[in-house]
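Sharing a structure below in structure tokens format, with a few things to ask.
The values are calculated or read from the model by the stated rules, or taken from the named source; none is laboratory data. Computed from a predicted model, the values in this text were never measured in an experiment. Here the Cβ positions follow ideal geometry from the backbone for every residue, glycine too, while neighbour counts run over all protein chains shown. Surface areas here come from the heavy atoms of the whole protein model, side chains and all, with no ligands, DNA or RNA. Shrake-Rupley method; radii C 1.70, N 1.55, O 1.52, S 1.80 Å.
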Amino acid sequence: MKSNCIAVPAILLPAEGTDLSAWAVIACDQHTSDPAYWEQLDAYVGDKPSTLRMILPELYMETEKDYSARIAAAKEAMRVYLAGGMLRRLPQGFILTERTTPFVKLRRGIVLAIDLEAYSYRHEDAAPVRASEATIVERIPPRLKIREGAPLELPHIMLLYDDPQHTVTAAAERAAREVVYDFDLNMGGGHLRGRFIRDTDPVVQAFYALERGGMLFMVGDGNHSLATAKAAWDKLKEQLSPSERETHPARYCLCEAVNLYDDGIYFEAIHRLVKCVDAQKFTAYMQPFGCAVALYAGGKKLPLGSPAGAAEAVAETDKRIAAYLSEHGGSVDYVHGEEALAALTAEHGDYVGVLLPKMDKSELFPRVLQYGSLPRKTFSMGESAEKRYYLEAKEIR
């Protein structure tokens with residue numbers, strides 16, 4: 001066993017009888033340009049206990065100058081739920097999750113905890129748990145305000161591990177016993193079932209056998225949330241004695257680990273949408289570089305070529321876009337799906353879409369091991385509706 005980055009948590013679940021379809025809500029970093037989604041979700045939840053009351057959708061971080069009242073309300077809801085018996089504590093163990101979505105028949109994961117001392121998002125660090133893409137450190141401080149002083153964490157972090165033979169899933173299947181939840185997710189998120197794993201040792205041993213080059217896990221989703229947990233822990237541990245640091249609950253972060261080779265995991269490209277520019281000038285500017293697959297302007301596609309690789313295409317494209325915007329103004333957004341790119345440029349004459357190539361998921365671990373983290377937003381794991389829903393919780397105070 002080369003590292004010791006996995007911890008066995010005491011997971012909190014909603015009390016028996018809770019309406020789980022109202023309790024579980026999608027990750028806070030989704031639908032950031034769609035207030036109607038969150039309004040509809042709020043109406044659906046109503047007065048029922050819900051993780052919606054304990055999170056801050058990032059939509060409001062972008063649209064409101066002062067969201068401190070929302071942060072205070074989320075922390076207060078955590079305290080009320082804890083004091084009011086709305087959460088029940090499981091024995092120490094893992095949960096084997098089985099998720100169906102409108103796009104995949106099954107995706108398996110394992111809810112566990114990782115030691116934040118074993119995680120780093122810095123490009124130069126050879127940590128057991130690493131970021132898959134560049135971390136924007138400026139995004140950490142506002143998220144730190146949400147975590148600091150909060151009694152609970154609710155994870156939407158998804159870790160990837162490299163297991164072509166599915167050895168971990170096999171061990172988890174043998175160890176999984178009683179069903180701890182089984183319900184339909186709201187807002188078209190599919191279905192979620194979880195089975196509890198008391199005997200975690202065989203699963204942990206299967207994980208550690210996969211470690212290569214000092215790395216076991218890579219962050220697939222929720223990198224900035226994990227980076228925030230790390231920042232909060234680094235700040236807190238300065239106030240603790242050496243013995244307190246070993247066992248403090250904030251040192252361990254709840255995540256879901258998913259095999260990169262699970263049939264429910266697939267990568268999609270994240271395209272760039274350049275806004276408020278002269279479409280003709282920007283198109284002429286980008287054509288000679290050939291760093292993307294194609295451009296979209298006025299809803300029409302202009303093929304450019306075949307870039308050498310997804311990561312290289314993203315890095316060069318972002319470099320060229322940033323240079324153009326610095327001189328001429330405008331902004332950039334991130335879009336999933338070629339159809340959406342075509343539609344948006346057809347609707348807005350001052351938009352240009354940059355179509356980028358899709359990364360093969362088998363390239364991910366070898367590339368990060370050799371070159372370090374990828375450029376930001378190189379790939380997305382599936383569609384928005386497939387992102388993790390908040391359900392489990394863990395105390396961090």
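Name the single residue, out of those in the stretch 321-363 being among the polar types (S, T, N, Q) and assigned to a helix (DSSP H, G or I), that is nearest to LEU260 (Cα to Cα). Break it down stepwise before answering.
The first filter runs over the stretch 321-363 and keeps only residues among the polar types (S, T, N, Q), leaving 326, 331, 345, 362.
Next, only the ones that are assigned to a helix (DSSP H, G or I) stay: 326, 345, 362.
Values: SER326: 37, THR345: 33, SER362: 8 Å.
So the residue we want is SER362.
Still on this structure: Please pick out the residue among GLU58, GLU64 that is touching a Ser or Thr at 6+ places or on another chain (Cβ under 6 Å) and among the acidic types (Asp, Glu). Break it down into steps so the answer makes sense when it comes.
Details: GLU64 fails: touching a Ser or Thr at 6+ places or on another chain (Cβ under 6 Å).
Exactly one of GLU58, GLU64 is touching a Ser or Thr at 6+ places or on another chain (Cβ under 6 Å) and among the acidic types (Asp, Glu), namely GLU58.
Being part of a helix (DSSP H, G or I) and in contact with a helix residue (DSSP H, G or I) (Cβ under 9 Å, 6 or more places away or on another chain) is the filter here; which residues of the stretch 205-214 pass it?
Of everything in the stretch 205-214, those that are part of a helix (DSSP H, G or I) and in contact with a helix residue (DSSP H, G or I) (Cβ under 9 Å, 6 or more places away or on another chain) turn out to be GLN205, ALA206, PHE207.
Can you tell which of LEU325, LEU391 is over 19 Å from SER306 (Cα atoms) and surrounded by 20 or more Cβ atoms within 10 Å (Cβ to Cβ)?
Numbers: LEU325 fails: surrounded by 20 or more Cβ atoms within 10 Å (Cβ to Cβ).
Among LEU325, LEU391, only LEU391 is over 19 Å from SER306 (Cα atoms) and surrounded by 20 or more Cβ atoms within 10 Å (Cβ to Cβ).
I'd like the full set of residues that are open to solvent by 50 Å² or more (accessible area, probe 1.4 Å) and touching a residue at least 12 places away in the same chain (Cβ under 8 Å), limited to the stretch 9-30.
GLU16, ASP19, ASP29, listed by residue number.
Just checking, which of THR97, THR135 is open to solvent by less than 40 Å² (accessible area, probe 1.4 Å), farther than 25 Å from TYR208 by Cα and β-branched (Val, Ile, Thr)?
Numbers: THR97 fails: farther than 25 Å from TYR208 by Cα.
After ruling out the rest, the residue left standing is THR135.
Going through the stretch 31-55 one residue at a time, which ones are polar (S, T, N, Q) and open to solvent by 20 Å² or more (accessible area, probe 1.4 Å)? Step through it out loud before you land on a result.
Step one: of the stretch 31-55, the residues polar (S, T, N, Q) are 32-33, 40, 50-51.
Selection gives THR32, SER33, GLN40.
While we're here: Tell me, which strands (runs of 3 or more DSSP E) wholly within the stretch 19-123 include 2 or more residues that are within 18 Å of the chain's Cα centre (by Cα)? Walk me through it before giving the result.
Numbers: elements: 87-92, 94-100, 107-115.
Output list reads 94-100, 107-115.
Conditions (1) at pLDDT 90 or above; (2) surrounded by fewer than 19 Cβ atoms within 10 Å (Cβ to Cβ); (3) under 30 Å from LEU12 (Cβ atoms), marked per residue:
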position: GLU238; (1), (2), (3): yes, yes, yes
position: SER243; (1), (2), (3): yes, yes, yes
position: MET286; (1), (2), (3): yes, no, no
position: VAL293; (1), (2), (3): yes, no, no
position: LEU302; (1), (2), (3): yes, yes, no
position: ALA310; (1), (2), (3): yes, no, no
position: VAL314; (1), (2), (3): yes, no, no
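With the condition kept exactly as written, say whether any residue in the stretch 263-282 is touching a Lys or Arg at 6+ places or on another chain (Cβ under 8 Å), closer than 30 Å to ASP234 by Cβ and modelled with pLDDT of 95 or more. Outline the logic, then answer.
Here is the first cut: in the stretch 263-282, the residues touching a Lys or Arg at 6+ places or on another chain (Cβ under 8 Å) are 263-270.
Next, only the ones that are closer than 30 Å to ASP234 by Cβ stay: 270.
Okay, now just the ones that are also modelled with pLDDT of 95 or more, so none.
No, the stretch 263-282 contains no residue that is touching a Lys or Arg at 6+ places or on another chain (Cβ under 8 Å), closer than 30 Å to ASP234 by Cβ and modelled with pLDDT of 95 or more.
Hey, can you tell me all the residues within the stretch 171-222 that are touching an Asp or Glu at 6+ places or on another chain (Cβ under 6 Å) and either open to solvent by less than 20 Å² (accessible area, probe 1.4 Å) or closer than 13 Å to GLU98 by Cα (or both)?
As a first pass, look at the stretch 171-222 and keep what is touching an Asp or Glu at 6+ places or on another chain (Cβ under 6 Å): 175, 191, 193, 196, 210.
Passing the criteria: ALA175, HIS191, ARG193, PHE196.
Among the listed residues SER326, SER306, which satisfies the condition of being among the polar types (S, T, N, Q) and modelled with pLDDT of 95 or more?
Details: SER306 fails: modelled with pLDDT of 95 or more.
Just a single option satisfies the conditions, and that option is SER326.
To continue, here is another question. Could you list, in sequence order, all residues of the stretch 72-86 that are open to solvent by less than 60 Å² (accessible area, probe 1.4 Å), without any contact (Cβ under 8 Å) to a residue 12 or more places away in the chain and hydrophobic (A, V, I, L, M, F, W, C)?
If the condition is that a residue be open to solvent by less than 60 Å² (accessible area, probe 1.4 Å), without any contact (Cβ under 8 Å) to a residue 12 or more places away in the chain and hydrophobic (A, V, I, L, M, F, W, C), then ALA72 is the only one that fits.
If the Cβ limit is 8 Å and pairs must be 6+ apart or interchain, which residue in the stretch 147-170 that is hydroxyl-bearing (Ser, Thr, Tyr) pairs with which residue that is crowded, with 16+ Cβ neighbours inside 10 Å and assigned to a loop (DSSP other than H, G, I, E, B)?
TYR161/LEU210; TYR161/LEU216; TYR161/LEU260; THR167/LEU210; THR169/ASP163; THR169/ASP262
Regarding the stretch 262-284, can at least one residue be identified that is more than 24 Å from SER384 (Cα to Cα), open to solvent by less than 10 Å² (accessible area, probe 1.4 Å) and touching a residue at least 60 places away in the same chain (Cβ under 8 Å)?
Step one: filter the stretch 262-284 for residues more than 24 Å from SER384 (Cα to Cα), giving 276-284.
From what is left, the residues that are open to solvent by less than 10 Å² (accessible area, probe 1.4 Å) are 282.
Adding the requirement that they be touching a residue at least 60 places away in the same chain (Cβ under 8 Å) leaves 282.
Yes, the stretch 262-284 contains a residue that is more than 24 Å from SER384 (Cα to Cα), open to solvent by less than 10 Å² (accessible area, probe 1.4 Å) and touching a residue at least 60 places away in the same chain (Cβ under 8 Å).
Criterion first (surrounded by 16 or more Cβ atoms within 10 Å (Cβ to Cβ) and either within 31 Å of the chain's Cα centre (by Cα) or outside any loop (DSSP other than H, G, I, E, B) (or both)) does ASP318 satisfy it? Steps first, answer last, please.
Values: surrounded by 16 or more Cβ atoms within 10 Å (Cβ to Cβ): yes; either within 31 Å of the chain's Cα centre (by Cα) or outside any loop (DSSP other than H, G, I, E, B) (or both): yes.
Spelling it out, ASP318 is indeed surrounded by 16 or more Cβ atoms within 10 Å (Cβ to Cβ) and either within 31 Å of the chain's Cα centre (by Cα) or outside any loop (DSSP other than H, G, I, E, B) (or both).
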